[in-house]
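J.: After the structure tokens below, expect a handful of questions from me.
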Amino acid sequence: MSTHIGAAAGQIAPRVLMPGDPLRAQWIAETFLEDATCVTRVRNMLGFTGTYRGEPVSVQGSGMGQPSISIYATELFTEYDVQQVVRVGSCGALAESLALRDLVIATSAATDSGANKLRFHGLDFAPCADFGLLRAAHDSAVGRGLAPAVGQIFSSDTFYNPRPELTDLLADHGVLAIEMEANALYTLAAAHGRQALAICTVSDHIRTGEQTTAAEREQTFGDMVEVALDAILAVPLR
Ligand code: HPA
């Protein structure tokens, strides 16, 4: 048992999917895994372990924002020896080329968080995805006809952004979309020598204000989970 995850040692698989919402973790476990059991309920941040195509896989809620995912990802890496984490989340689109429900695979993630300024004493670290997971997710998405966008995203510490004019600057530099967790996940995976990837579906368009319906989000979310599961099974554990 770790501080924020109630599972016993050995109850979490080396491969983990991380949605932000703990009820999404439950839905993933019930919909896609065989023999899934709930392994942690601490703070209602649910986690499950089962199998997918015969391989052990866990699903752990991350909560919203980089402080929250940092707690769970750190404990997954240090207390449970997790090797691969794929975040399955939503994002707000910046790029004009993106439409609602599109899949975005993050090669790297910039941020307004101060966490890496502390970690790296002011120098700029460029957190990036594991290439094997990235390639496998891309291949899976293309194979499923999903035409994923691949590029840099921005992990914001605010959902209600006090400086919306900055989104134009990011868009002008080719940043595809905004979410709230990937930069921290990629940094922690690097710090612990593990593999991580963030995949997001576009839930809203920041520049046009369009939003998906709940039913659309569920369908798109399921497609993304299948891509994430394909990706983690395609990459051998080191
Ligand atoms: N901002 C930050 N995170 C998000 C957004 C957004 O607009 N949409 C979905 N996740």
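J.: So which residues in segment 50-79 are in a helix (DSSP H, G or I), aliphatic (A, V, I, L, M) and surrounded by fewer than 24 Cβ atoms within 10 Å (Cβ to Cβ)?
T.: Ile71
J.: Sticking with this structure for a sec: Before we move on, is Glu179 within 17 Å of the chain's Cα centre (by Cα) and acidic (Asp, Glu)?
T.: Yes; evaluated as a whole, the condition is true for this residue.
J.: Looking only at residues in segment 184-215 that are free of Cβ contacts under 8 Å to residues at least 12 places away in the same chain and among the hydroxyl-bearing types (Ser, Thr, Tyr), which one is nearest to the ligand (Cβ to nearest atom)?
T.: Only one residue tops the list, namely Thr208.
J.: Ok, one more. Restricting to segment 142-183, and then to whatever is open to solvent by 70 Å² or more (accessible area, probe 1.4 Å) and among the aromatic types (Phe, Trp, Tyr), can you tell me which residue is farthest from the ligand (Cβ to nearest atom)?
T.: For segment 142-183, the residue satisfying everything is Tyr160.
J.: Under the condition of being in contact (Cβ under 8 Å) with a residue 12 or more places away in the chain and among the aliphatic types (A, V, I, L, M), which residue from segment 103-123 is surrounded by the fewest Cβ atoms within 10 Å (Cβ to Cβ)?
T.: The selected residue is Ala115.
J.: Moving on to the next point. What number of residues within segment 85-102 satisfy the criterion of being assigned to a strand (DSSP E or B) and either within 14 Å of the ligand (Cβ to nearest atom) or open to solvent by 40 Å² or more (accessible area, probe 1.4 Å) (or both)?
T.: 7
J.: Being surrounded by fewer than 15 Cβ atoms within 10 Å (Cβ to Cβ), aliphatic (A, V, I, L, M) and either more than 27 Å from Ala25 (Cβ to Cβ) or more than 16 Å from the ligand (Cβ to nearest atom) (or both) is the requirement here; does Leu133 meet it?
T.: Taking the combined requirement at face value, the residue does not satisfy it.
Quick grid of which residues meet (1) over 30 Å from Gln152 (Cα atoms); (2) at pLDDT 95 or above; (3) not acidic (Asp, Glu):
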site: Cys38; (1), (2), (3): yes, yes, yes
site: Gly47; (1), (2), (3): no, yes, yes
site: Tyr52; (1), (2), (3): no, yes, yes
site: Glu55; (1), (2), (3): yes, yes, no
site: Gly61; (1), (2), (3): no, yes, yes
site: Gly65; (1), (2), (3): no, yes, yes
site: Ala73; (1), (2), (3): no, yes, yes
site: Val104; (1), (2), (3): no, yes, yes
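J.: Moving on. So the check is Cβ under 8 Å with 6+ separation or different chains; which pairs have a first residue in segment 159-178 that's within 19 Å of Ala106 (Cα to Cα) and a second one that's modelled with pLDDT under 95 and assigned to a helix (DSSP H, G or I)?
T.: Ile178/Thr167
The values are calculated or read from the model by the stated rules, or taken from the named source; none is laboratory data. Quick caveat, the model's predicted, so the values are computed rather than measured. Don't worry about glycine lacking a Cβ; one is built from the backbone with ideal geometry, like all the others, and counts go over all protein chains shown. Accessible surface areas use protein heavy atoms only, side chains included; no ligands, DNA or RNA. Shrake-Rupley method; radii C 1.70, N 1.55, O 1.52, S 1.80 Å.
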